[in-house]
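Q: Provided herewith is a single structure, encoded as structure tokens, for subsequent inquiry.
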Amino acid sequence: MDDFARQIAFLEQHSTYARRWLSAQPEWLEWLRICGQKKIEPQDISDLLVACRMPSDAEKVDEAQFMANLRLARQRLMLRIAFRDLNGMASLEEVTHSLSLFAQLVVVEAIAYIRADLQPRFGLPWSQSNNAEMPLMVVGMGKLGGLELNLSSDIDLIFLYEHEGETVGAEKSLSNHEWFTRMGKRLITFLAELDANGFVFRVDMRLRPNGDSGPLVCSLDMLEEYLLVQGR
């Protein structure tokens, strides 16, 4: 038995998760043979998400397939981390930073997909002061904010936008608050909904202003008022 075979046997002996996914996706074994001995670099994580994107010369990936792609990318990363961690090849920093970077990049991928879906129908939020599109600002709190995610961590998020107004560039417009609320709800679904391929991350929004009783997204003015008046 060669070293890789022993490492795989050890992984499957100590991880039901790994055993299940290698059984479901046997082609991942060869991928793990090639990349499992090497430290996980940021480019490796970006490469995992390439298949999730919408090719510029092809039709848009449908939502169900996009969500499946995100989940499969997550499972492959988790499998590689587990392989390296259980076999004593990964440092704690490699584990936590890899998961934290993946969380950041998968949020970016999901937002880009949702934006492309909403824009033809409702236009885009626009900042008059900057004469530029107004983005959804996603703040990572807790372990994500500290780059300390582990294999079972959820992600604590806060959704912010610059200021109130309305979307521009389409026949129908929405208030900025409604636009970003729709985006935030779909982002949570894209990440947290459980399907046959699992989920990407559980999402905890309770650290936002006023917790579960507050709006899902808030403007910077709303956040400032909350912090000045009652934030702790």
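Q: With (1) open to solvent by 70 Å² or more (accessible area, probe 1.4 Å); (2) more than 30 Å from Leu79 (Cβ to Cβ) as the list, and Glu148 as the residue in question, which single condition is left unmet?
A: Result: Glu148 fails condition (2) only.
Q: Still on this structure, please answer the following. So if I check each of Leu86, Leu77, Leu92, which one is under 21 Å from Gln7 (Cβ atoms), surrounded by fewer than 20 Cβ atoms within 10 Å (Cβ to Cβ) and in contact with a helix residue (DSSP H, G or I) (Cβ under 8 Å, 6 or more places away or on another chain)? Even if it seems obvious, please write down each step before you answer.
A: Values: Leu77 fails: surrounded by fewer than 20 Cβ atoms within 10 Å (Cβ to Cβ); Leu92 fails: in contact with a helix residue (DSSP H, G or I) (Cβ under 8 Å, 6 or more places away or on another chain).
After applying the criteria, what remains is Leu86.
Q: Further question: Which ones in segment 13-46 are in contact with a helix residue (DSSP H, G or I) (Cβ under 7 Å, 6 or more places away or on another chain) and open to solvent by 60 Å² or more (accessible area, probe 1.4 Å)?
A: His14, Arg19, Leu29, Arg33, Lys39, Pro42
Q: Taking into account only those residues within segment 213-232 that are touching a residue at least 24 places away in the same chain (Cβ under 8 Å) and assigned to a helix (DSSP H, G or I), which is most open to solvent (accessible area, probe 1.4 Å)? Can you show your working first?
A: First pass over segment 213-232, keeping only residues touching a residue at least 24 places away in the same chain (Cβ under 8 Å): 215-221, 223.
Still in the list and also assigned to a helix (DSSP H, G or I): 220-221, 223.
Working: Leu220: 70, Asp221: 102, Leu223: 36 Å².
Across segment 213-232, the extreme among qualifying residues is Asp221.
Q: Let me ask something else about it. Looking only at segment 169-187, count every residue that is among the acidic types (Asp, Glu) and in contact with a strand residue (DSSP E or B) (Cβ under 9 Å, 6 or more places away or on another chain) and tell me the total.
A: So in segment 169-187, the residues among the acidic types (Asp, Glu) come out as 171, 178.
Of the ones still in play, those that are also in contact with a strand residue (DSSP E or B) (Cβ under 9 Å, 6 or more places away or on another chain) are 178.
Qualifying residue count, segment 169-187: 1.
Q: Any chance you could count how many residues in segment 188-212 are crowded, with 19+ Cβ neighbours inside 10 Å and closer than 12 Å to Arg74 by Cα?
A: Final tally of qualifying residues: 3.
The values are calculated or read from the model by the stated rules, or taken from the named source; none is laboratory data. Please read all numbers here as calculations on a predicted model, not as lab measurements. Note that we place each Cβ from the backbone using ideal geometry, even for glycine, and neighbour counts take in every protein chain shown. The accessibility values were calculated without ligands, DNA or RNA, using every heavy atom of the protein model including side chains. Shrake-Rupley method; radii C 1.70, N 1.55, O 1.52, S 1.80 Å.
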